[in-house]
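J.: I'd like to ask you about the structure that follows.
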Amino acid sequence: MSWQTYVDSNLVGSGKVKRAAILGQQGGVWATSPGYTLSPEEQKAVINAYNDLAGVQGSGLRLAGQKYFTLQANPRSIYLKKQADGVVVVKTKQAILVAEYVAPIQAPEVTPVVEGLADYLINAGY
């Protein structure tokens, strides 16, 4: 299965995720939703967030030009919010999943989708 299929089928195809991207931990975009562009600076900030969880907790992240505040950050997952919308970011062994949702969808609906795909990729060695 291609990386793009994971974005299209597993994340956006769930009906819970509006836009998504899969980033490589060493840099680069492996797959993304059409029109969902994370700048090189935003990609680097996502990757580096896992090295400074306290920093991302305090400052949040900017993704696709939008500023999000951090609700929770741990070594695996970062949960972000902007008004009624949000982003779930989950790190696997080699990748980072970035999944944006918009109201009326809420985090408890999106989290199992993204975390479940992350578990699958981790078990597959990615």
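The values are calculated or read from the model by the stated rules, or taken from the named source; none is laboratory data. Bear in mind the structure is a predicted one, so any value in this text is a computation, not a measurement. Because the Cβ atoms are built from the backbone with ideal geometry, glycine has one as well, and the counts that use them run over all protein chains shown. Please note that ligands, DNA and RNA were not included when accessible areas were found on the heavy atoms of the full protein model with its side chains. Shrake-Rupley method; radii C 1.70, N 1.55, O 1.52, S 1.80 Å.
J.: Given the conditions (1) closer than 22 Å to Ser9 by Cβ; (2) surrounded by 13 or more Cβ atoms within 10 Å (Cβ to Cβ); (3) not β-branched (Val, Ile, Thr), which single one is not true for Ala124?
T.: Condition (2) is where Ala124 drops out.
J.: Can you pull out the residues in the range 68-90 that are of a type outside the set (Phe, Trp, Tyr) and surrounded by fewer than 22 Cβ atoms within 10 Å (Cβ to Cβ)? Before you say what the answer is, go through the steps one by one.
T.: Just the residues of the range 68-90 that are of a type outside the set (Phe, Trp, Tyr), to begin with: 70-78, 80-90.
Answer for the range 68-90, where residues must be of a type outside the set (Phe, Trp, Tyr) and surrounded by fewer than 22 Cβ atoms within 10 Å (Cβ to Cβ): Thr70, Leu71, Gln72, Asn74, Pro75, Arg76, Ser77, Lys81, Lys82, Gln83, Ala84, Asp85.
J.: Which pairs have Cβ atoms under 8 Å, sit 6 or more apart or on different chains, and link a residue in the range 61-85 that is more than 19 Å from Asp119 (Cβ to Cβ) to one that is β-branched (Val, Ile, Thr) and in a loop (DSSP other than H, G, I, E, B)?
T.: Hits for this filter: Ala64/Thr37; Ala84/Val102; Asp85/Val102.
J.: Out of all the residues in the range 31-67, which are open to solvent by 80 Å² or more (accessible area, probe 1.4 Å), touching a Gly at 6+ places or on another chain (Cβ under 9 Å) and of a type outside the set (D, E, K, R)?
T.: Thr37, Pro40
J.: Another question, if that's okay. Quick check on my filter: what residues within the range 4-29 are touching a residue at least 40 places away in the same chain (Cβ under 8 Å), closer than 20 Å to Tyr101 by Cβ and either of a type in the set (A, V, I, L, M) or open to solvent by 30 Å² or more (accessible area, probe 1.4 Å) (or both)?
T.: Within the range 4-29, Asn10, Leu11, Ser14, Lys16, Val17, Lys18, Arg19, Ala20, Ala21, Ile22, Leu23 qualify.
J.: Based on this model, can you work out whether Ile22 counts as at pLDDT 95 or above and within 19 Å of Val113 (Cβ to Cβ)?
T.: Criteria met by Ile22.
J.: Only residues in the range 107-126 that are farther than 21 Å from Lys18 by Cβ count as the first member; pair them with residues that are surrounded by 13 or more Cβ atoms within 10 Å (Cβ to Cβ), Cβ under 7 angstrom, at least 6 apart or cross-chain, and list the lot.
T.: Short answer, once both residue conditions are applied: Ile122/Thr92; Tyr126/Thr92; Tyr126/Gln94; Tyr126/Ala95.
Let's see how each residue does on (1) not polar (S, T, N, Q); (2) not in a strand (DSSP E or B):
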position: Thr5; (1), (2): no, yes
position: Asn10; (1), (2): no, yes
position: Ala21; (1), (2): yes, no
position: Gln43; (1), (2): no, yes
position: Tyr79; (1), (2): yes, no
position: Val88; (1), (2): yes, no
position: Gly116; (1), (2): yes, yes
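J.: So is Lys93 closer than 22 Å to Gly125 by Cα, outside any helix (DSSP H, G or I), in contact with a helix residue (DSSP H, G or I) (Cβ under 8 Å, 6 or more places away or on another chain) and of a type in the set (Lys, Arg) or not?
T.: Working: closer than 22 Å to Gly125 by Cα: yes; outside any helix (DSSP H, G or I): yes; in contact with a helix residue (DSSP H, G or I) (Cβ under 8 Å, 6 or more places away or on another chain): yes; of a type in the set (Lys, Arg): yes.
Yes: the conditions hold for Lys93.
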